[in-house]
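Q: Quick one: the structure is below, and I'll ask about it shortly.
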Amino acid sequence: MAKKQVTVFITSGGNINGINTIKALRAQSELKLRLIVGDADPKNAARHMADGFYLLPRAGEKHFIPTLLKIYKQEKVDILFPMYSAEIIELAKHKEVIKKAGVKIALPAYESILITWDKRRTHDFFKTHSIPYPKTHDSSSLSERSARFPLFIKSVSGSGSKNAVKVETWAELMVQKNKLGENHIIQDHVGGEEFTIDALGDLEGNMVAASPRLRMKIDGGLATKSITVAKPQLVAYAKKIIGALKLVGPVNIQCKIEKGKPYFIEINSRLPSGGLPLTVAAGFNIPLLTVKMLLGLPLGKIKIKKDLMMIRYWDALVTDKHGKKLHGFSHQFV
């Protein structure tokens, strides 16, 4: 019997998450998938890897949800796969509208996403659930005399390393505070090794599986060298976090281990930006498992390999000025 074709629509498909997701879904033979990509930027590589492309408004713009609904109907979309955090928040607001359109999506409740998005609320959550995290300072009462450097200051909202800075002096701290305004959080700087736990929550918000990896080298917030590791303690904490927040779908959780003690830093209700190829290669194909979960298919036994290392490198795709693909530079060395 021929496999039924399933149409998957990937928003913000032009970013690294989108491209990694396309590759992960192309690397399997269990399901017959038709991949449609949407992005606010027409000049992106993903449109040349997918079966169709649509130009989208940005998340939060007036026509974002209506445009998606029009595409769903036109393309007979079965599954929606958002890549960008701001889109995930917007879609969570309109979850019932999406569901009514007949499109399946793996999203936590809006309130849970807000906890992961807002760093103050994230750390309130850590405190309430006895999850270790770096000491957080009241910015209004912190003084030059009481401050113990280095400290770490970052934006309250968002994900990734943007506007996240280690500061060594009071003067540096003041510069960053002025830059961020009230939208910041200040914590003790934690040293040691940095880890990401890539995970998947089922439709009830229980952890399906998790794969920790050591971020050996980081460039621009992305892991460029990483290795899968056996860290049962981190997996146990991930299970606790996902279960408490009822996180549905892809999740990645960041932490550091200093002198044997973990300090949890961030929760993201989305796929990891840099490490997904390693997680997929290790036997944990989160995009494929998410699609199967939404289709009600058995996930099978998930066996994750440890001690696999990923080394990222640049690749390129060349088009003419109108965006017509000419050729790629993949694996061409001279």
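Q: Kirkwood hydrodynamic radius, segment 52-196, all distinct C-alpha pairs: what's the number in Å?
A: 17.9 Å is the Kirkwood radius here.
Q: Given (i) 70, 52, 46; (ii) 108, 50, 45; (iii) 51, 44, 43, which label gives Cα extents along the principal axes in Å as computed from the coordinates?
A: Recomputing Cα extents along the principal axes in Å here picks out (i).
Q: Each label point is 7 Å from the Cα along the Cα-to-Cβ direction; what then is the distance between the points at Lys301 and Val229, in nm?
A: Those two pseudo-labels are separated by 2.7 nm.
Q: Separate question: Keeping the other protein chains in place, figure out the carbon and sulfur percent of the accessible area of segment 16-137, with a 1.4 Å probe.
A: Percent of accessible area from carbon and sulfur atoms in segment 16-137: 51.
Q: Measure off 7 Å from each Cα along the Cα-to-Cβ vector at Asp118 and Arg145, then give the distance between these two points in nanometres to one decimal.
A: 3.3
Q: Sorted from largest to smallest, which semi-axis lengths in Å does the alpha carbon gyration tensor of segment 1-107 give for its equivalent ellipsoid, taking the root of 5 times each eigenvalue? Show your work: numbers first, answer last.
A: Values: eigenvalues 86, 57, 28 Å².
In descending order, the three semi-axes are 21, 17, 12 Å.
Q: I would also like to ask the following. Rounded to the nearest 0.05, what FRET efficiency is calculated for His94 and Val156 with R0 set to 25 Å and r the Cβ-Cβ distance?
A: 0.55
Q: Any chance you could run the full-extension gain for Asp138 through Lys32? It's 0.36 nm times the residue separation minus the Cα-Cα distance, nm to one decimal.
A: Once the chain is fully extended between Asp138 and Lys32, it gains 32.9 nm.
Q: Before anything else, pin down the relative contact order of the chain: Cα pairs under 8 Å, at least 6 apart, normalised by residue count, whole percent.
A: Rounded, it is 15 percent for the chain.
Q: Compute the separation of the alpha-carbon centres of segment 290-306 and segment 198-220 and state it in Å as a whole number.
A: Each part reduced to its Cα centre gives a spacing of 14 Å.
Q: So how much slack lies between Leu326 and Gln5, counting 0.36 nm per residue of separation and subtracting their Cα-Cα distance, in nm?
A: Going from the current span to full extension adds 112.7 nm.
Q: On the protein heavy atoms, probe 1.4 angstrom, tell me the percent of accessible surface of segment 159-237 carried by carbon and sulfur.
A: Its accessible area is 50 percent carbon and sulfur atoms.
Q: So, one more: What accessible area per residue comes out for the chain, rounded to a whole number of Å², with a 1.4 Å probe? Mind dumping the intermediate values first?
A: Numbers: 16900 Å² over 334 residues.
Roughly 51 Å² per residue, with all protein chains present.
Q: Tally the DSSP beta bridges in the chain and give the antiparallel ones as a percent, rounded to 5.
A: Working: 47 of 63 bridges.
Close to 75 percent.
Q: Let me ask something additional. Angle, helix 119-128 long axis vs. longest principal axis of the chain, Cα atoms, 0 to 90°, nearest 10?
A: So the helix axis and the longest Cα principal axis differ by about 70 degrees.
The values are calculated or read from the model by the stated rules, or taken from the named source; none is laboratory data. Everything quoted here is computed from the prediction, not taken from an experiment. We place every Cβ from the backbone using ideal geometry, glycine too, and count neighbours over all the protein chains shown. Note: areas computed on protein heavy atoms with side chains; ligands, DNA, RNA excluded. Shrake-Rupley method; radii C 1.70, N 1.55, O 1.52, S 1.80 Å.
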